[in-house]
Amino acid sequence: MKPIDMMVTDLNAEYLGIPRLSLMENAGKAVAQEINKLIDSGSVTIFAGTGGNGGDGFVAARHLLNMGFKVEVILLAHPSRVRSEEAKKNWEVLEKMKFSPAPLELRIIRDSSQLKPPNTSVIVDAILGTGIKGRLREPIRSAIKLINKSKALKVAVDIPSGVEPETGEVADVAVEADYTVTFHRMKDGLKMADPTLTGEIIVSDIGIPPMCEIFTGPGDLLRLPKRKSSTHKGENGRILIIGGSAQYSGAPALAGLAALKSGADLVTIACPESAMIPIKSYSLDLIVKGFPGDHINTKMLKGMLKMVERVDCILIGCGGGLEPETGDAFDLLVQEIMKMGKPIVIDADGLKLIKKDTIKDYHNIILTPHEGEFKKFFSLKSPIIIKDFKEKVTAYHSIANNIKGLVLLKGPVDMIFQGEKVRLNTTGTPGMTVGGTGDCLAGITASLWAQGLSTMDAAALAAFINGRAGELAEEEYGYGFTASEMIDFIPRAMSIPSTTSGIT
Ligand SMILES: NC(=O)C1=CN([C@@H]2O[C@H](COP(=O)(O)OP(=O)(O)OC[C@H]3O[C@@H](n4cnc5c(N)ncnc54)[C@H](O)[C@@H]3O)[C@@H](O)[C@H]2O)[C@@H](O)CC1
Ligand SMILES: [K+]
């Protein structure tokens with residue numbers, strides 16, 4: 001796991017209803033229990049930082065006291081600097097416990113001159129964990145050097161302080177631990193770090209159910225690209241939508257608008273002339289290029305492929321209609337685009353006209369079928385009627401694995417399959433059966449993918465955002481909301497909730 005994955009999971013655990021304080025309690029207790037396995041009595045000195053890592057140390061202190069250890073907690077900052085709410089709570093408990101007969105010492109170190117070589121059996125490094133940023137500041141830097149000089153047994157909380165959580169590198173100095181107790185899942189940085197720093201790595205469960213990594217939640221919004229202030233037009237995703245026909249001009253427009261609302265910089269629509277005026281009239285923000293004809297056909301190929309070169313992601317299908325000529329055109333387009341290695345999203349009529357064999361070996365593709373399109377695309381004979389949800393996920397997962405690309409199967413619970421990976425999304429409302437919500441999802445998917453998210457993150461987050469936008473639209477308009485009204489709620493559906501607020 002990368003730190004971002006841990007933050008996403010952590011926030012989704014909170015969304016599920018598991019308070020961060022419980023995670024911290026389980027983490028601190030796990031550290032105490034590991035220490036108790038190593039020695040059964042003696043003194044423990046806990047060096048604590050001001051974030052969640054320090055908070056784990058405060059919790060460990062409490063459990064170690066209960067296990068009969070003599071405990072000294074050295075906070076390497078003034079208590080007012082303790083950032084994390086949960087850590088602050090646990091520090092305050094220790095402050096109240098000062099008056100108890102328990103052998104507990106609390107010391108506050110403001111600068112390194114106050115540091116003394118610890119005389120103790122075990123040192124706990126609860127200074128920095130996944131929240132480390134930039135060069136080590138004092139007194140943390142000196143504390144780390146002091147810890148490394150000691151002969152005591154050293155146990156690092158989550159990650160040895162000074163080790164970069166993602167890469168395992170050490171910019172300056174780092175704690176040389178005998179053991180590292182990390183939480184929930186192994187961290188990439190730990191695996192790559194120098195073993196003389198991590199010592200033996202112990203992965204402790206802290207009560208986060210695996211479903212927090214499977215079901216999408218607001219935590220996934222943390223993966224949205226951060227806008228660089230120096231960014232300029234076109235850098236944040238350029239999308240080409242190939243679709244539309246004489247009778248369907250709304251679908252590509254909805255997909256295009258949803259793509260813009262979810263952050264894409266430039267959206268161009270390539271459509272038959274018959275759809276060009278209506279689409280242009282929907283919105284000034286969509287660039288529309290019309291090709292002669294009522295529906296997409298192979299004569300348009302050359303011109304459309306020129307447009308493909310200039311974009312980051314191509315969405316094919318919206319409102320294309322089902323003319324055989326359109327099927328030929330889509331199939332040839334996809335073959336050419338695959339040669340260019342560009343990401344392709346196939347939705348709606350594209351799923352009805354493009355054959356599975358054409359795209360089955362291409363990784364860089366996302367299909368966004370509903371159940372009917374899924375069954376047709378994978379030419380399933382008998383309708384699959386499975387009552388048990390888990391069995392249904394397993395069955396559909398194995399069918400989706402007939403192609404190398406990602407399948408986002410829309411439904412009351414969206415199922416997202418990519419290789420052995422499965423994500424599930426429960427946002428959305430029955431009101432979203434209104435026409436056009438699928439076009440919005442396809443537009444958001446192409447937009448997030450074009451903005452640099454991974455294939456899986458783009459699809460999972462698009463499903464989450466589209467469903468949230470539907471929920472918000474329903475709150476505002478009731479069941480009768482339309483897809484174009486839903487689009488206006490996309491930005492709000494993308495706002496990242498603050499972690500402590502707890503997400504409704
Ligand atoms: N994510 C989770 O699911 C859980 C995380 N927990 C703990 O929370 C930790 C992450 O907590 P935080 O995000 O608060 O971050 P950390 O506790 O790792 O460190 C952040 C604190 O250290 C300070 N700091 C950062 N870089 C510094 C530097 N270079 N020099 C000096 N001070 C520096 C910051 O001011 C901040 O107060 C994890 O490592 C883990 O120990 C646990 O409570 C269990 C649950
Ligand atoms: K640490």
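The values are calculated or read from the model by the stated rules, or taken from the named source; none is laboratory data. Note that this is a predicted model, so its numbers are computed, not measured. Every residue, glycine among them, receives a Cβ derived from its backbone with ideal geometry; neighbour counts consider all protein chains shown. Protein only, heavy atoms only, side chains kept; ligands, DNA and RNA dropped before computing areas. Shrake-Rupley method; radii C 1.70, N 1.55, O 1.52, S 1.80 Å.
Summary of computed values
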{"quantity": "Probe 1.4 Å, accessible area per residue of segment 233-500, Å²", "calculated": "40 Å²"}
{"quantity": "Rounded to 5, percent antiparallel among DSSP beta bridges of the chain", "calculated": "15 percent"}
{"quantity": "Estimated vicinal HN-Hα couplings, Hz - segment 343-358 in sequence order (Karplus 6.51, -1.76, 1.60; Gly, Pro = x)", "calculated": "x, 10, 10, 10, 10, 6, 4, x, 6, 7, 9, 8, 7, 3, 4, 5"}
{"quantity": "Accessible surface of the chain, 1.4 Å probe, proportion on carbon and sulfur as whole %", "calculated": "53 percent"}
{"quantity": "Whole-number percent relative contact order across segment 132-190, with pairs defined as alpha carbons under 8 Å at least 6 apart", "calculated": "37 percent"}
{"quantity": "Phi-based couplings in Hz for segment 46-54 (Karplus 6.51, -1.76, 1.60; Gly and Pro marked x)", "calculated": "10, 8, 10, x, 9, x, x, 4, x"}
{"quantity": "Two-site FRET efficiency, residue 301 against residue 404, from Cβ-Cβ distance with R₀ of 22 Å, rounded to 0.05", "calculated": "0.35"}
{"quantity": "Ratio Rg/Rh, restricted to segment 325-470 and using Cα atoms, in which Rh is the Kirkwood radius", "calculated": "0.94"}
{"quantity": "Bridge type composition, segment 3-214 - antiparallel percent by DSSP, nearest 5", "calculated": "5 percent"}
{"quantity": "Positive-end residue, the chain charge dipole about Cα centroid, Cβ charges, pick of 396, 237, 134", "calculated": "134"}
{"quantity": "Within-12-Å neighbourhood charge of residue 253 [Cβ basis; K, R +1; D, E -1]", "calculated": "-1"}
{"quantity": "For segment 1-82, alpha-carbon Rg relative to the globular expectation (2.2 N^0.38 Å, N residues)", "calculated": "1.20"}
{"quantity": "On Cα atoms only, tilt of 455-477 relative to the major axis of the chain in degrees", "calculated": "80 degrees"}
{"quantity": "Fully extended contour minus Cα-Cα distance, from residue 394 to residue 2, at 0.36 nm per residue", "calculated": "138.4 nm"}
{"quantity": "Per-peptide average of other Cβ atoms within 10 Å, ordering 54-66, 297-309, 355-367 highest first", "calculated": "54-66, 355-367, 297-309"}
{"quantity": "Relative contact order (%) - criterion: Cα under 8 Å, at least six apart; region: the chain", "calculated": "12 percent"}
{"quantity": "Mean residue ellipticity (222 nm) of the chain, computed from DSSP H runs ≥ 4 via -39,500 (n - 2.57), nearest 500", "calculated": "-12000 deg cm²/dmol"}
{"quantity": "Percentage relative contact order, segment 233-500, counting C-alpha pairs under 8 Å, at least six apart", "calculated": "20 percent"}
{"quantity": "Residue pairs, from the table 2/37; 2/116; 29/191; 89/228, whose Cα atoms sit over 25 Å apart", "calculated": "2/37; 2/116; 89/228"}
{"quantity": "Distance between segment 1-75 and segment 383-439 - C-alpha centres, whole angstrom", "calculated": "38 Å"}
